[in-house]
Amino acid sequence: MSSIIISKSGEKDLETLQNIGIQTFTETFAEDNTEEAMKQYLEKSFTTEKIKSELTNPDSIFYIAWEEDNPVGYLKVNSGKAQTELQDETSLEIERIYVKKSHQGKKVGQLLYNQALETAKQLGKSYLWLGVWEENLRALQFYRKNGFVEFDKHIFRLGDEEQTDLMMKKILD
């Protein structure tokens, strides 16, 4: 595997983010969810309008992991009012760390997480937080390994289905 470069993304990357978002979400969750629920979620969450509005929100930042000219994952972090919950000015939410199945286990997720950590420090945040599906054992293990602890739960809607996300946080030094 050649080296991975993490770059901040903007509106020019809309289609790349849209494609990698759909691919990685499908690879990660299709096996454990109904086709209908997946279809509804993907059609709502990865529209051009939605991604564009996220990209132009000053409180959201996207980063893409590149292996040469191939996007292999991405990160979305939110501060302030862009956060999906909490909206604590002292926190940074990791809303998405998505990595292509072909690159899982190759430290791409760790590089994206390290970028989130660095961004939180640059923004002077006190802690990072995120929600992760209670059935996504691989992600839970990853976040626990990186020092996150569970502090609450919330409901995540996938199509018409309700799923429980564990809310986790990591206090920064």
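The values are calculated or read from the model by the stated rules, or taken from the named source; none is laboratory data. Please read all numbers here as calculations on a predicted model, not as lab measurements. Positions of Cβ are backbone-derived with ideal geometry, glycine not excepted, and every protein chain shown enters the neighbour counts. We work out accessible area using only protein heavy atoms, side chains counted, and drop any ligands, DNA or RNA first. Shrake-Rupley method; radii C 1.70, N 1.55, O 1.52, S 1.80 Å.
Scanning region 20-38 for residues that are touching a residue at least 40 places away in the same chain (Cβ under 8 Å) and in a helix (DSSP H, G or I) gives Ile20, Gly21, Gln23, Thr24, Phe25, Glu27, Thr28, Phe29, Asp32, Glu36, Ala37, Met38. For beta carbons closer than 8 Å, sequence separation of 6+ or different chains, a first residue in region 76-97 that is within 18 Å of Ile64 (Cβ to Cβ) and a second that is open to solvent by 60 Å² or more (accessible area, probe 1.4 Å) and at pLDDT below 95, the qualifying pairs are Asn78/Thr84; Glu95/Thr84. Condition check for Ile4 on (1) farther than 18 Å from Leu130 by Cβ; (2) without any contact (Cβ under 8 Å) to a residue 24 or more places away in the chain: one failure, at (2). Scan region 106-128 and report the pairs whose first residue is under 15 Å from Glu93 (Cβ atoms) and charged (D, E, K, R) and whose second residue is open to solvent by less than 30 Å² (accessible area, probe 1.4 Å) and part of a strand (DSSP E or B), with Cβ atoms within less than 9 Å and a gap of 6+ or a chain change. Pairs that qualify, where the first residue is under 15 Å from Glu93 (Cβ atoms) and charged (D, E, K, R) and the partner is open to solvent by less than 30 Å² (accessible area, probe 1.4 Å) and part of a strand (DSSP E or B), are Lys125/Ser91; Lys125/Leu92.
Checking each residue of region 99-114 against the condition of being touching a Leu at 6+ places or on another chain (Cβ under 6 Å) and over 18 Å from Ile22 (Cβ atoms) gives no match.
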